[in-house]
Every structure is written in C-alpha cells, then in structure tokens.
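One structure is given here, and the rest of the page talks about it.
Taken together, the values in this text are just the output of simple stated rules run on the coordinates, not laboratory data. Computed from a prediction, not measured in an experiment: that's the story for all the values here. Here the Cβ positions follow ideal geometry from the backbone for every residue, glycine too, while neighbour counts run over all protein chains shown.
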Amino acid sequence: MKKVITLLVVCLFASLTFAQVAKQSPDLKPDGKGHGNKVDNGATRKLRTSNGISYHGGPVMLGTVTAYYIWYGNWSGNTAESILPDFIGHEGGSSYYNINTTYFNGSGQHVSNSIAYGGSTSDNYSQGTALSDAGVQAVVSKAINNGSLPSSSSAVYFVLTSKDVNETSGFCTQYCGWHTDASINGKNIKYAFVGNPDRCPSACEEQSASSPNNNPGADGMASIIAHEFEESTSDPDLNAWYDSRGEENADKCAWTFGTESTASNGSKYNLTLSNGSRWLIQRNWVNASGGYCSMSH
Ligand SMILES: [Zn+2]
C-alpha cells in the first residue's frame, strides 16, 4: 500500500512532465529531487548512449568520495547514529556500488568504487523544525564555516533530519530525499537532504514493522542515502548523467529491490556488505549492456 501511494505521486508528476515533453520536446533537466524541471537546453551538449541514460557534458566525481553526515535536530538515543555510518562505511568496494563505475566523464574517466566516511557533526535546530531548501544549504554552510566539518569538493554532505523536522518544499509528499550542489565559501559543495522516513512511513519507508537493523527509520534512510550518493557522484552538478525524462541513474530504479531474502526478525534484505551487515536498498541503473536495474555489477 505504501508503495502504491508513492508510485501514484510519482506517476502523476511524471505524466505531467511527460505532457510538457511531448508538446515542447526539450529534455528534462534533473533537479536532484527525482523528477525533472523543464529547461531551455538549446546550448546543452548531448551525447546519446544506447543504455537508456545520456551524458550531458558535466563532471562526475572521481576517485574516493567522502561522505559527511550532519545530524540535524534530536537524534539522542536513536541507533541511526551507528547504523548509517556503518552503511556508508562499508558500501564502498561492494558489487552494489560498483554499478556506479559504469558512469564516466567526457575524458572517459570513470567513477571509482571507493567511499570514505569522513565523520559527522550535529546541528541543534539552527534552522528550526521546518527547513526550506535554503535552510538545508544553511545547515551545510554552517557546519563548514564553523569548522565542524572540512570543506571539500570531493565530498557529499548529508543533512539527516530527525523525525520531528519537515522539509517544506515537499518531503514526504514529493520526495524522500534530494541532492544538489552550491558554491559555499568559494568551493563547489555537493550536499543532500535525507529526512527520517519514520515521519511518513507510507511514503518513504519500504518496511516499517521490522527492518534488518531493527530501526525502520534508519534502514529506510540507508536506502535513500544510497540513492542520493549514486546520483551525487554520477551527476554532481545536475549536468552529467540523466535520461530524457530528467531521471538520474538511481531514479530509474527507485523503489525496486530485486530478489529479497528474509532475516530472522522477519524483515527483508537484498544486500549484505563486507562486514556481514544486511540492508534493503533500492537498485541502481547499470550504464552498460543496454541498461538495466541491478543490485550488482
Ligand atoms: Zn533521485
């Protein structure tokens, strides 16, 4: 049922944007929120591939990419603070994240299967409990400017909000997370918003009764973090890899999981990382062999 609602929202939006495409026939440009905004892309260089996703000339993130977490709001006593570093800390090197190495820049340099967890900081509601998109950026700026986190263009900064925090541009109704980039303190900074889906399990959580790490909110966030990280590294400035609908690689496989196994607590999982940890993570689009959703490459 939860997925019906989610898919319904997505499909309504997609049909709306499809209509615009059919009439005016531009490509859609991703806005990092899993759907495209129509833009005048007359000057955009397009390079078609036969894998269902196209390269548009922008950079990809090369080499080891660092993930930083900003715990926004009240996370005290929540096991997410150990679960989510464990996930990103072991995702690099997996056959799952290896899918992202099928994405490359104009010089043929590919994304690496290498992720570093760079640590975290906390933000005690500096922007209140209702964040705008600008408020999310302000949280990232604050963490960098006050030295809580290093300033790096080779990193993705995740603003992780607690259950009581809303993102007012559409969290729980239009998206479960998003990513973008901005110039912060003279550097191009990539960052993402991922809210706690315990706020809206029906829209943003694949399983809410039990989960592989006994925290449905955190397990739900792991899947969304994986999605946004894949898009951030293959399309960091929203001008590299996306399809004619404005969908980035992970968007093309959103809320699909492939073959699932059942854990002893009854929850489902489809990914086991090198430390034996188990996760239910949405699939990603392989940019090879015609293109397809997969859990490994
Ligand atoms: Zn997406």
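Can you work out ³J(HN,Hα) from phi for every residue in segment 246-262, in order, using Karplus 6.51 cos²θ - 1.76 cosθ + 1.60 and θ = phi - 60°, giving whole Hz and x for Gly and Pro?
So the J values, rounded to whole Hz, are x, 8, 7, 4, 5, 4, 5, 10, 4, 6, 10, 10, x, 6, 10, 10, 10.
Do any of Lys163/Lys252; Lys142/Lys268; Lys142/Lys252 go past 31 Å between their Cα atoms, and which? If you can, show how the numbers build up before the last one.
Numbers: Lys163/Lys252 27 Å; Lys142/Lys268 38 Å; Lys142/Lys252 33 Å.
Listed pairs above 31 Å: Lys142/Lys268; Lys142/Lys252.
Taking a virtual spin label 7 Å from the Cα of Thr173 along the C-beta vector, which residues in segment 200-244 bring their backbone nitrogen under 20 Å of it?
Flagged as within label range: 200-205.
Under 5 Å between amide H atoms, partner at least 5 residues away or on a different chain: which partners does Asn284 have, H built in plane at 1.01 Å?
Ser294
Among all the aspartates and glutamates, which ones have a C-alpha under 16 Å from Lys187's C-alpha, if same-chain residues fewer than 8 places away are not counted?
Correct list for Lys187: Asp237.
Quick query: amide H of Gly195 versus all other amide H atoms, modeled in the peptide plane; which residues come in under 5 Å with a sequence gap of 5 or more or a different chain?
Amide H to amide H, under 5 Å and 5 or more residues apart or across chains, Gly195 pairs with Thr161.
Could you list which residues have their amide H under 5 Å from that of Val156, counting only those 5 or more apart in sequence or on another chain, with H placed in the peptide plane?
Thr66, Ala67, Tyr68
Report Rg(Cα)/(2.2 N^0.38 Å) for segment 90-243, keeping two decimals.
Taking the Cα Rg and dividing by 2.2 N^0.38 Å, one obtains 1.05.
By per-residue mean of other Cβ atoms within 10 Å, what is the highest-first order of 102-108, 218-224?
218-224, 102-108
Quick one: what are the phi-derived ³J(HN,Hα) couplings along segment 199-205, Karplus 6.51/-1.76/1.60 with θ = phi - 60°, whole Hz, x for glycine and proline?
5, 8, x, 5, 9, 10, 10
Sticking with the crude label model, points 7 Å out along Cα→Cβ, report the distance from Ser210 to Asp164 in nm, one decimal please.
3.0 nm
Ranked from highest to lowest mean number of other Cβ atoms within 10 Å per residue, what is the order of the peptides 182-188, 291-297, 245-251?
For the peptides 182-188, 291-297, 245-251, the packing ranking is 245-251, 291-297, 182-188.
Sort out for me the Cα centre separation of segment 56-89 from segment 226-297, rounded to whole Å.
Distance between centres, Cα-based: 16 Å.
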